[in-house]
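Undergrad: This is the structure I have questions about; it appears just below.
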Amino acid sequence: MKIVVCIKQVPDTKGGVKFNPDGTLDRGAMLAIMNPDDKAGLEAALRLKDECGAEVTVVTMGLPKAEEVLREAMAMGADKGILVTDRVLGGADTWATSTTVAGAIRNLEYDLIITGRQAIDGDTAQVGPQISEHLDIPVISYAQNIKVEGDSVIVERQYEDRYHVVKAKMPCLITALSELNEPRYMTPGGIFDAYQKEITVWGRADLKDVDDSNIGLKGSPTKIAKASDKVRKGAGEKVTLDPDESVSYIVDKLKEKHVI
Amino acid sequence: MSLEEYKGVYVFAQQVDNEISSIAFELLGKAKDLAKDLDTDVTAVLLGSEVKDLADKLAEYGADKVIVVDDPELKVYRTEPYAHALASVINEYKPEIVLVGATAIGRDLGPRVSARVATGLTADCTVLEIGDFPLQAIPGQEQKHNQLLMTRPAFGGNTIATIACPDNRPQMATVRAGVMQKIEPIKGAKAVVEEFNPGFTPDHKYVEILDVVKAVTDTVDIMDAKILVSGGRGVGSPENFKILEDLAEVLGGTVSCSRAVVDSGWKPKDLQVGQTGKTVRPNVYFAIGISGAIQHVAGMEESDIIVAINKDADAPIFDVADYGIVGDLNKIVPKLTESLKAEIAAK
C-alpha cells in the first residue's frame with residue numbers, strides 16, 4: 001500500500017504567542033513545528049505501515065525551511081519526503097494551495113492520502129477536502145479512527161454529537177484529528193537515517209496538470225482586504241483574597257450585574 | 001457570464017435527522033441583513049430526504065424562497081451526494097453569496113463545493129458585511145462595490161483578517177456557529193418553495209455508512225446556555241467536577257470545559273469550549289482552573305461577564321476576565337455555591 005501524507009510547517013502557539021513591539025505577531029520568535037493534526041495523520045499512516053506494510057511519502061508545500069518537518073517525519077518513520085517550493089507559489093489561499101498540492105500528488109502513486117484536519121495558523125480545514133475534489137476521489141473528514149480492510153478503508157468520522165462509521169474504496173483522502181492518536185517520537189537511529197535520505201524538491205514546473213491561473217497569490221480567489229491583531233477587551237479586576245472574602249466578592253459582583 | 005448576473009443570498013439550511021440545525025436560522029438572520037444591503041432576497045437550500053415539510057420553518061426565520069433537493073441519497077450526510085446537490089444548485093441558480101455553517105458538516109461540504117464550482121471560500125467567519133474592495137480606492141486599481149467582506153479570526157484568535165472574493169462567484173463563506181443572530185420567527189410566514197433534483201448516480205466517491213453512533217448526552221447544548229461553569233485541568237480530576245456541577249445547578253447553568261479536560265478523557269467533546277470546540281457567549285462564564293490558552297479564549301471571550309478563579313496569578317485567563325480571583329478553587333467554589341444558594345433562597 002502507498003500512503004501520501006500532507007504536512008505543514010506552522011509557528012507554535014503552545015508556548016505562548018510572541019508579539020513585536022508594534023503589536024504584530026513575531027513569527028521569527030516562535031518555534032516552527034509540524035502542524036499537530038498533520039502529525040496525527042502521519043502517525044496514523046505509520047501505524048498502517050507497522051500493521052500491514054506501506055510506503056509512506058510525506059509532502060509539504062512551503063518555504064525551503066519547511067524541509068525541517070520532512071526530516072522530522074522521516075525520523076519518525078516516513079520513507080520519502082517531497083518539498084514543493086517555488087516563489088510563484090507564495091501567497092496562496094486554500095484554493096491555490098490545494099491545486100498546487102494536488103498537482104504534486106498527481107506525480108505519485110497512492111492508495112490513501114492523509115492530511116490533518118486543519119493547521120493551527122489558518123484553522124480553515126479546507127485544503128484536505130479541496131485536494132480530494134481536484135483528484136476526484138472520496139474524502140472522509142474528521143477521522144477519529146482508521147482501519148484498512150482489503151481495498152477499502154473504514155473510518156470513524158466525527159460530528160458534534162455522533163460519529164459515522166464510513167467505508168470508502170481506495171484511493172481516498174482522509175483528514176485526521178489530533179485526538180486520533182499520540183504521535184511517536186523520533187528515534188536516534190531514525191534521525192540519523194532521515195539525514196542520510198534525499199529529499200525531493202519540486203518547483204512549479206514539476207506540478208502536473210496545473211494551470212498558471214490557479215497558483216500563488218494571483219491564482220487565489222480570496223484576497224485579504226485587511227489584517228490586524230485582534231483588539232481584546234482587556235483585563236478587568238484581579239483580586240487575591242481569602243476564600244470567604246473571595247466568595248463575597250463574586251456574590252457582590254453578580255448582584256451588581258443583576259445575575260442573581 | 002458576467003459576475004453581475006449572479007444574484008441573491010443563499011444559505012445552506014443544514015438539517016440532521018430531518019431537524020433543522022440552529023446554525024441555519026442564524027445564517028438566515030445574517031443573510032437577511034446582507035440581502036437588504038444588496039436589494040435582493042434570501043434563499044435557503046434544503047437538502048435531505050423527505051424534508052419538504054421543513055420549508056415553512058425556514059420561511060419563519062427569514063427565507064423568501066426555499067430550494068428543496070429531496071432524494072433518498074441525501075438521507076444521512078455524505079460528502080459526495082451533498083456536494084453534488086449544492087454545487088448543482090449553485091450552477092443552476094447562480095447565487096451571488098452562499099453561506100454555510102462552520103459545523104462538522106459545513107467544514108467538509110463547503111471546501112468540496114467551492115473547489116467544484118471553482119470559487120473562493122473563507123472559513124469560520126465571525127463578521128459578514130457588504131462593502132468595497134479594496135476598502136480604500138487605490139489609484140490604477142478598480143474598486144469594486146457591493147462585495148461580501150468576510151472577517152475571520154486566524155492564528156488561534158490572535159489575528160483577524162477581512163477577506164473578499166472580488167473576481168469569482170459565488171462568494172462563499174463558512175460561518176461560525178453561535179455568532180450570528182436569528183430573527184424573531186415570523187409565525188405563519190411562507191416562502192416560495194421550489195423543488196430541484198439534479199439526479200444522483202452513485203460512483204466511487206459515494207461512501208457507505210456502516211453505522212451511526214450517537215453520543216449519549218443528557219446535557220443542554222453549551223452554546224444555548226445563559227450561564228456556563230467551565231472547568232480546566234486545574235479542577236484536578238473528573239470526580240472534582242462535582243463542585244462545578246453543584247455551582248451550575250444553583251445558578252441554572254451548565255458545565256463546560258477546556259480542551260485539556262476533553263483530552264484527558266474527563267468530559268465529552270461536546271462540552272468543549274474553544275477554537276477546536278464550541279464558541280459560546282453566555283451571560284456569565286465562570287472559568288475555573290482554566291489557564292486561558294488563546295485557543296480557549298477564542299471560544300469564550302465574547303461572554304458578557306467572565307469570572308475566573310485560578311491559583312496562578314499569572315494565568316492568561318485573567319487578561320480577559322472581568323472579575324479575576326487568585327485562589328484555590330477547591331476552597332472557593334463550594335463556599336460560593338452555598339452562599340449563592342442562601343442568596344437565592346432569601347429572595
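Undergrad: If you go through segment A:177-197 one residue at a time, do you hit one that is among the hydrophobic types (A, V, I, L, M, F, W, C) and at pLDDT 95 or above?
TA: Within segment A:177-197, not a single residue is among the hydrophobic types (A, V, I, L, M, F, W, C) and at pLDDT 95 or above.
Undergrad: Do you know which residues across segment A:81-100 are in a helix (DSSP H, G or I), in contact with a helix residue (DSSP H, G or I) (Cβ under 8 Å, 6 or more places away or on another chain) and away from chain B (no Cβ under 14 Å)?
TA: The answer is A:Val88, A:Leu89.
Undergrad: Hey, can you tell me all the residues within segment A:246-260 that are closer than 13 Å to B:Val284 by Cα and facing chain B (nearest Cβ under 8 Å)?
TA: Once the filter is applied, which keeps residues that are closer than 13 Å to B:Val284 by Cα and facing chain B (nearest Cβ under 8 Å), segment A:246-260 yields A:Ile250, A:Val251, A:Lys253, A:Leu254, A:Lys255, A:Lys257, A:Val259, A:Ile260.
Undergrad: Scan (1) open to solvent by 10 Å² or more (accessible area, probe 1.4 Å); (2) more than 29 Å from B:Arg116 (Cβ to Cβ); (3) at pLDDT 95 or above; (4) out of contact with any Phe, Trp or Tyr (no Cβ under 7 Å at 6 or more places or on another chain) for the single condition A:Ala73 breaks and write down its number.
TA: Status for A:Ala73: all satisfied but (1).
Undergrad: I've got another one for you. Looking only at segment B:296-325, which residues are more than 7 Å from chain A (Cβ to nearest Cβ) and touching an Asp or Glu at 6+ places or on another chain (Cβ under 6 Å)?
TA: Correct list: B:Ile306, B:Lys311.
Undergrad: Taking the options B:Asp246, B:Asp328, name whichever one is under 15 Å from B:Gly231 (Cα atoms), open to solvent by 20 Å² or more (accessible area, probe 1.4 Å) and facing chain A (nearest Cβ under 8 Å).
TA: Only one candidate passes the filter, namely B:Asp328.
Undergrad: Working only within segment B:275-306, note down all residues that are crowded, with 24+ Cβ neighbours inside 10 Å and more than 24 Å from B:Phe155 (Cβ to Cβ).
TA: Within segment B:275-306, B:Pro282, B:Phe286, B:Ile288, B:Gly289 meet the criteria.
Undergrad: Within segment A:147-157, is there a residue that is more than 7 Å from every other protein chain (Cβ to nearest Cβ) and among the polar types (S, T, N, Q)?
TA: Yes; the residues of segment A:147-157 include at least one that is more than 7 Å from every other protein chain (Cβ to nearest Cβ) and among the polar types (S, T, N, Q).
Undergrad: Among A:Arg204, A:Arg184, which is the only one that is over 20 Å from the mean Cα position of the chain (by Cα) and either closer than 30 Å to A:Glu68 by Cβ or at the interface with chain B (Cβ under 8 Å from one of its Cβ atoms) (or both)?
TA: Answer to the check: A:Arg204.
Undergrad: Whether any residue in segment A:110-119 is within 7 Å of chain B (Cβ to nearest Cβ) and open to solvent by 10 Å² or more (accessible area, probe 1.4 Å) is what I want to check.
TA: Within segment A:110-119 (the criterion being within 7 Å of chain B (Cβ to nearest Cβ) and open to solvent by 10 Å² or more (accessible area, probe 1.4 Å)), the answer is no, since none of the residues qualifies.
Undergrad: Another question about this same structure. Need the failing condition index for A:Asp161 against (1) modelled with pLDDT of 95 or more; (2) over 22 Å from the mean Cα position of the chain (by Cα); (3) not β-branched (Val, Ile, Thr), just the number.
TA: Only one criterion in (1) modelled with pLDDT of 95 or more; (2) over 22 Å from the mean Cα position of the chain (by Cα); (3) not β-branched (Val, Ile, Thr) is unmet by A:Asp161, namely (1).
Undergrad: Only residues in segment A:217-229 that are in contact (Cβ under 8 Å) with a residue 40 or more places away in the chain count as the first member; pair them with residues that are open to solvent by 70 Å² or more (accessible area, probe 1.4 Å), Cβ under 7 angstrom, at least 6 apart or cross-chain, and list the lot.
TA: Close Cβ pairs satisfying both conditions: A:Gly219/A:Ser213; A:Pro221/B:Asp167.
Undergrad: Could I ask something else about it? Give A:Lys49, A:Lys147 a once-over and let me know the one that is part of a strand (DSSP E or B) and either surrounded by 20 or more Cβ atoms within 10 Å (Cβ to Cβ) or not polar (S, T, N, Q) (or both).
TA: A:Lys147
Undergrad: Mind checking which pairs have a first residue in segment B:21-39 that is under 19 Å from B:Ile105 (Cα atoms) and a second that is among the aromatic types (Phe, Trp, Tyr) and open to solvent by 20 Å² or more (accessible area, probe 1.4 Å), Cβ under 6 Å, 6 or more apart or different chains?
TA: Pairs found: B:Phe25/B:Tyr61; B:Leu28/B:Tyr61.
Undergrad: Quick one: is A:Ser178 farther than 22 Å from A:Thr85 by Cβ, touching a Pro at 6+ places or on another chain (Cβ under 7 Å), within 14 Å of chain B (Cβ to nearest Cβ) and not hydrophobic (A, V, I, L, M, F, W, C)?
TA: Yes.
Undergrad: Filter segment B:182-222 down to residues that are without any contact (Cβ under 8 Å) to a residue 24 or more places away in the chain and open to solvent by less than 50 Å² (accessible area, probe 1.4 Å), then give me how many there are.
TA: 2
Undergrad: Next up: Considering only residues that are among the aromatic types (Phe, Trp, Tyr) and either within 10 Å of chain A (Cβ to nearest Cβ) or over 22 Å from the mean Cα position of the chain (by Cα) (or both), which ones fall in segment B:75-92?
TA: B:Tyr77
Undergrad: Related question: Say we look at segment B:58-101 and pick out the residues that are under 14 Å from B:Arg112 (Cα atoms) and assigned to a loop (DSSP other than H, G, I, E, B); which of these is least open to solvent (accessible area, probe 1.4 Å)?
TA: If we take residues in segment B:58-101 being under 14 Å from B:Arg112 (Cα atoms) and assigned to a loop (DSSP other than H, G, I, E, B), then B:Tyr77 is least open to solvent (accessible area, probe 1.4 Å).
Undergrad: Just checking: which of the strands (runs of 3 or more DSSP E) contained wholly in segment B:103-181 hold 3 or more residues that are open to solvent by 30 Å² or more (accessible area, probe 1.4 Å), over 28 Å from B:Asn283 (Cα atoms) and at pLDDT below 95?
TA: none
Undergrad: For segment A:120-138, name all the residues that are more than 7 Å from chain B (Cβ to nearest Cβ), over 16 Å from the mean Cα position of the chain (by Cα) and assigned to a helix (DSSP H, G or I).
TA: Hit for segment A:120-138 is A:Leu135, nothing else.
Undergrad: Might you check whether a residue that is more than 30 Å from B:Pro170 (Cβ to Cβ), open to solvent by 50 Å² or more (accessible area, probe 1.4 Å), facing chain B (nearest Cβ under 7 Å) and assigned to a strand (DSSP E or B) occurs anywhere in segment A:187-201?
TA: no
Undergrad: For segment A:202-245, name all the residues that are assigned to a strand (DSSP E or B), open to solvent by less than 60 Å² (accessible area, probe 1.4 Å) and modelled with pLDDT under 95.
TA: A:Lys223, A:Ala225, A:Ser228, A:Asp229, A:Val239, listed by residue number.
Undergrad: Could you tell me which of the residues B:Glu142, B:Glu129, B:Glu96 is charged (D, E, K, R) and farther than 20 Å from B:Phe25 by Cα?
TA: On inspection, the qualifying residue turns out to be B:Glu142.
Undergrad: Okay, moving on. Please verify whether B:Gly274 is more than 7 Å from chain A (Cβ to nearest Cβ), touching a helix residue (DSSP H, G or I) at 6+ places or on another chain (Cβ under 7 Å) and more than 20 Å from B:Leu247 (Cβ to Cβ), treating the condition exactly as stated.
TA: Here the answer is yes, as B:Gly274 does meet what is asked.
The values are calculated or read from the model by the stated rules, or taken from the named source; none is laboratory data. Please read these numbers as outputs of a predicted model, since none were measured by experiment. All Cβ positions, even for glycine, are placed from backbone atoms using ideal geometry, and neighbour counts span all protein chains on display. Only protein heavy atoms, including side chains, enter the accessible area calculation; ligands, DNA and RNA are left aside. Shrake-Rupley method; radii C 1.70, N 1.55, O 1.52, S 1.80 Å.
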